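Here the structure is laid out as C-alpha cells; the discussion comes afterwards.
Read-outs: derived from the displayed coordinates by stated rules, not from any lab. Source: prediction; values computed, not measured. Virtual Cβ from ideal backbone geometry, glycine too; neighbours counted across all protein chains shown.
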Number of protein chains: 2
Amino acid sequence: MAEAAQTAVRTTTGGTRTAKATVGDSEFDRDTAVVRREPGVYDAELSAGWTIIHAVNGGYLLAMLGRALGDALPHADPFSVSAHYLTASRPGPAVIRTEVVRTGRTLSTGQASLFQFAEDGTEVERIRVLATYGDLDALPDEVRTSAEPPVIAPIEHCFGPSDGPAPIPGSSAITERLDIRLDPATVGWAIGAPSGKGEMRGWFQLADGRDADPLSLLLTVDALPPTSFELGLTGWTPTVELTTHVRCRPAPGPLRVSITTRNLAGGFLEEDAEVWDSAGRLVAQSRQLAKAPRTA
Amino acid sequence: MAEAAQTAVRTTTGGTRTAKATVGDSEFDRDTAVVRREPGVYDAELSAGWTIIHAVNGGYLLAMLGRALGDALPHADPFSVSAHYLTASRPGPAVIRTEVVRTGRTLSTGQASLFQFAEDGTEVERIRVLATYGDLDALPDEVRTSAEPPVIAPIEHCFGPSDGPAPIPGSSAITERLDIRLDPATVGWAIGAPSGKGEMRGWFQLADGRDADPLSLLLTVDALPPTSFELGLTGWTPTVELTTHVRCRPAPGPLRVSITTRNLAGGFLEEDAEVWDSAGRLVAQSRQLAKAPRTA
C-alpha cells in the first residue's frame, strides 16, 4: 500500500485513482521474488509487509514457494500444491530448496522446503510443499461445472479495513496490501455478533491493483479472516496443512472468494476456499486443516 | 474374500455367517503390511488383490504408506495425508522410504515415497506422500460440526457387486475385498442412465468384516466408483493428488461414504469424499484432483 500510495493520483472528480501495478512489477512480485543461488536452491527475503500480527501469512509463503517451483520444474503453473506448515516463519532471510520429483509431458511434480536460520545459523524448516505443475493454457476450454459462484453483495456494499474495526485484531501489515471487501452477512464477528455459521465471503484484489495470476491465487486462498471468527472463536487458527488446486488462469478484475467450515470437531477444523474470477470461472479450490482456537 | 470365504460358516437359518476378521488380523492388514529393513526403510509387497483392472488402487497404496509413516513417526494416527501420484503401480515388490520432517509434542510430520523396480533394478517412484500425524485419542470430545451425514437408502435397498453389472467394467480384484452398497439414486451409470450429477453415495465395509480404523479410512476415501461415471464419462480417472484428513477414530460398523464433484473443467475434476461412522461422526474428509476421462 505504501508504494501504491506514492503513485496515487487525485482525480478531478475528487476520488483517488491509483497507477495500477502489473504482473511482474508489483509489491507482490517483489516480495515473493526468489534468487537462484544454484540449480534448485533459491534465496529469498520474507517481507514484514505480509504479516498477521508477527506471523508471516501462510498464503504469501506458498506463493513464494510456488514461484521457486515454477522455475525449477519444466511446467510453469501450479495445478495442485500441498503444503504442510512446520514452524512459524518470521520476516527476514530464507532459503528454498527444491527437488524435481518427476517430469512428464503434461504434468511434473516437485518438492520445495523453505528454511530460515536459528541463532547459531542452523537451518530450520518452516514449510514443506509437494506440488504438481502443468500448463494452464494447454487445457481444453470445456467446462461442465455444476458449481455456482458464491452470492456476495455488490463490492460497494461490502466492508473493507477502513469501514470498521481492523479485520484482524492487532497490527497486521498484510491488511494494507490486500483490498478485501467482506459481505455484510459474514462480518458479524467484527461487531461482536458472529453469525455462528462457518462462512466468510468477500471480494479480493491486491491493493496496488495487480491482477491475479496462478501464483497470487496461492495467496488468495488463505487471505480472508478465518471462518472461526464467524463461529465465535477469536484466537489463533494455525494452518496444519493447506492444499490448493489452481483450475484456470484468472481473468483480470476482482475475485470472489468464499471460505467455509463444516466440521469443527476435536480441536481442529477444515476450511474450504473457492476463488472465482470476473469471467465467472472457478479458478481455485483449496482445503486446509487448521487447529481451532483454544479460546471460545 | 477368498480367505474370508474359507471361514464362512453356514448358519442354521440358511444364511451365511462369516467369522469376522479383526483389526490386525485381516486381508487388509496382511496386504498392507510393511517390514522394516532398516530405520525408515520398509519392504512391502503390493497385492494383486487390490487392483482395478491392472492398476493398484490408490487408496490401498495410501494405507500402506500410512502404515509405514505410523511406524516411523512418534505419533500413530494420520491427521492429514497429501499424496501425489507419479507413475502407475503394479502388483509385486516395493520399497517405502520415509523421512521424519518434524516431531512435535502433539503433531509430527513425515514424508514417504513408494518405489518399485524397473527391469534393470532401478527404483521407480510411484507415489510420494507428505503427512502430519497425531494422536486421535488425545483430542477433546467437543463437536460443533454443522455437517450432516449423506442421505443414503437403508443398506438392504442399496446395490452391491452381485446385484447387477460389475461396478467397475473389467476384472477388478478389489471388488471382492470391499463390501460397497451404492444408493439406488447414484447407480444410473450401471444401466446406461447416469444421473448427470457428480455424486456417488454408499455404505462401505471391508468384505471380511474387519472394522474401520484410521489406516483403512485412507483406503475408504478412494474406494467408490468415480463420480465421473454419474457424469456420463466412462474412461479412466487417474488421481493426480489426494489429500485426506482423518478427524476421528471410527466406531465399529458400516461407514457411510459420499463423493461429489462440482467442477469438471479443463480436463480435470475434483472429487470430495466424506466418510461417516455408525456413531454419526464425520471421521474423514478428502479431496482429490483427477484427470477427467477422455471419452465422453
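General remarks:
- Residues whose placed amide H lies under 5 Å from that of residue B:56, excluding near-sequence neighbours: B:89
- Comment: the Cα-to-Cβ extended label point of residue A:193, at 7 Å, lies 5.1 nm from its counterparts in the other copies, nearest first.
- Pairs of Cα atoms in the protein assembly as shown fall into 10 Å distance bins, from 0 up to the last occupied one, in shares of 3, 17, 28, 27, 16, 6, 2, 0, 0, 0 percent.
- Cleavage-rule hits, GluC sites (Glu not before Pro), the stretch A:116-225, DSSP coil, Cβ neighbours within 10 Å at most 14: A:119, A:142
- Here the stretch B:32-135 is described by how far its Cα atoms reach on the three principal axes: 42, 26, 21 Å, from widest to narrowest.
- The two copies A and B are related by a rotation, and the chain A beta carbon nearest its axis, with distance in whole angstrom, is A:82, 2.
- Here residue B:118 yields copy-to-copy label distances, from shortest upward, of 3.9 nm, the label point defined as 7 Å from Cα along Cα to C-beta.
- Phi angles across the stretch B:20-32 convert, under the Karplus curve 6.51 cos²θ - 1.76 cosθ + 1.60 with θ = phi - 60°, into 3J(HN,Hα) values of 6, 6, 10, 4, x, 9, 7, 4, 4, 5, 5, 7, 10 Hz, Gly and Pro given as x.
- Each pair of Cα atoms in the stretch A:220-277 enters the Kirkwood radius, and Stokes-Einstein at 25 °C and 0.890 mPa s then converts it into a translational diffusion coefficient of 191 µm²/s.
- If R0 is 51 Å, the Cβ-Cβ spacing of residue B:33 and residue A:53 corresponds to a FRET efficiency of close to 0.65.
- Close amide-amide hydrogen proximity is noted between residue A:241 and A:85, A:289, each under 5 Å apart and 5 or more residues distant or on a separate chain (H modeled in the peptide plane; Pro and chain starts excluded).
- Given in Å, the Rg to one decimal and the Dmax to the nearest whole number for the Cα atoms of the stretch B:155-291 are 14.1, 40.
- Listed values for the stretch A:85-102 are Karplus-derived 3J(HN,Hα) couplings in whole Hz (6.51 cos²θ - 1.76 cosθ + 1.60, θ = phi - 60°), namely 8, 9, 9, 6, 7, 9, x, x, x, 8, 10, 10, 10, 10, 9, 7, 8, 7, and x replaces Gly and Pro.
- Residue-averaged [θ]222 nm for chain B, counting only DSSP H segments that reach four residues, each worth -39500 (n - 2.57): -3000 deg cm²/dmol
- Normalised by 2.2 N^0.38 Å, with N the number of residues, the alpha-carbon radius of gyration of chain B equals 0.98.
- Its Cα centre serving as origin, chain B has a Cβ charge dipole (Lys and Arg +1, Asp and Glu -1) of approximately 320 debye.
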